[in-house]
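**Q** Quick one: the structure is below, questions incoming.
The values are calculated or read from the model by the stated rules, or taken from the named source; none is laboratory data. Predicted model, so just to flag it, every value in this text is computed and none were measured. Note that we place each Cβ from the backbone using ideal geometry, even for glycine, and neighbour counts take in every protein chain shown.
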Amino acid sequence: MRRFMLALAGVLVVLTSVVDAQQEPPRLDPGQRVRVHEGNRKVVGTLLSTDSSALRVLTSHTDTAFLKRADVTAVDVSVGQRARTVSGALTGAGIGVVSVGFVTYALAGFPSITSGDESLVYVAAGMVGGLVLGAGVGAVIGAGSHTDRWEPAIWPTLTFSLGGPAGRSIALGGHLRF
């Protein structure tokens with residue numbers, strides 16, 4: 001039975017990694033929320049248009065950024081938001097343990113660990129209470145705080161364009177990732 005469970009767990013790990021490897025990175029389409037990397041600068045906004053020489057990104061209601069395609073090192077597409085519940089809970093737990101633990105330690109008269117004083121039980125209880133209370137408050141605060149999730153976009157970094165009839169063109173692009 002144990003071998004069967006190990007084999008089943010191995011198959012599940014392999015299947016999930018195969019499914020994850022088969023997922024296509026998001027395409028770069030106008031109207032998407034994007035983060036464009038240009039040297040040391042990051043521009044976040046809504047993609048308005050792309051062509052062979054530039055990207056046009058709406059950064060606010062009235063500001064538009066024109067980014068030369070040659071200067072752009074990467075483009076990420078927003079794939080949603082996630083709450084910071086876990087990081088908020090961990091931060092709150094740490095703050096709760098330290099602050100409530102110190103307060104109970106001070107109220108107990110700074111007992112020595114080697115003295116065998118029973119007030120250390122109260123300090124330990126205060127630290128556990130601070131951990132629980134801090135984790136709860138931190139989780140609530142973190143649940144209200146959201147951050148974007150970004151994935152690298154597929155976009156041709158090398159483009160050859162051929163002029164076509166009546167203003168139409170044919171473009172061939174390539175993207176290499178190592």
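**Q** What tally of residues in the stretch 56-74 results from selecting those that are out of contact with any Asp or Glu (no Cβ under 7 Å at 6 or more places or on another chain), modelled with pLDDT under 90 and closer than 12 Å to LEU28 by Cβ?
**A** Selection size over the stretch 56-74: 2.
**Q** Which residue pairs have Cβ atoms closer than 9 Å, lie 6 or more positions apart in sequence or on different chains, and pair a first residue in the stretch 43-61 that is within 17 Å of VAL79 (Cα to Cα) with a second residue that is in a loop (DSSP other than H, G, I, E, B) and aliphatic (A, V, I, L, M)?
**A** LEU47/LEU28
**Q** Another one. In contact with a Lys or Arg (Cβ under 8 Å, 6 or more places away or on another chain), aliphatic (A, V, I, L, M) and at pLDDT below 90: does that describe VAL103? It would help to see each step written out before you state the result.
**A** Numbers: in contact with a Lys or Arg (Cβ under 8 Å, 6 or more places away or on another chain): no; aliphatic (A, V, I, L, M): yes; at pLDDT below 90: yes.
In short, no.
**Q** Quick check on my filter: what residues within the stretch 80-94 are of a type outside the set (S, T, N, Q) and crowded, with 17+ Cβ neighbours inside 10 Å?
**A** Step one: of the stretch 80-94, the residues of a type outside the set (S, T, N, Q) are 80, 82-84, 86, 88-90, 92-94.
ARG84, GLY88, ALA89, GLY92, ALA93 - these are the residues of the stretch 80-94 that are of a type outside the set (S, T, N, Q) and crowded, with 17+ Cβ neighbours inside 10 Å.
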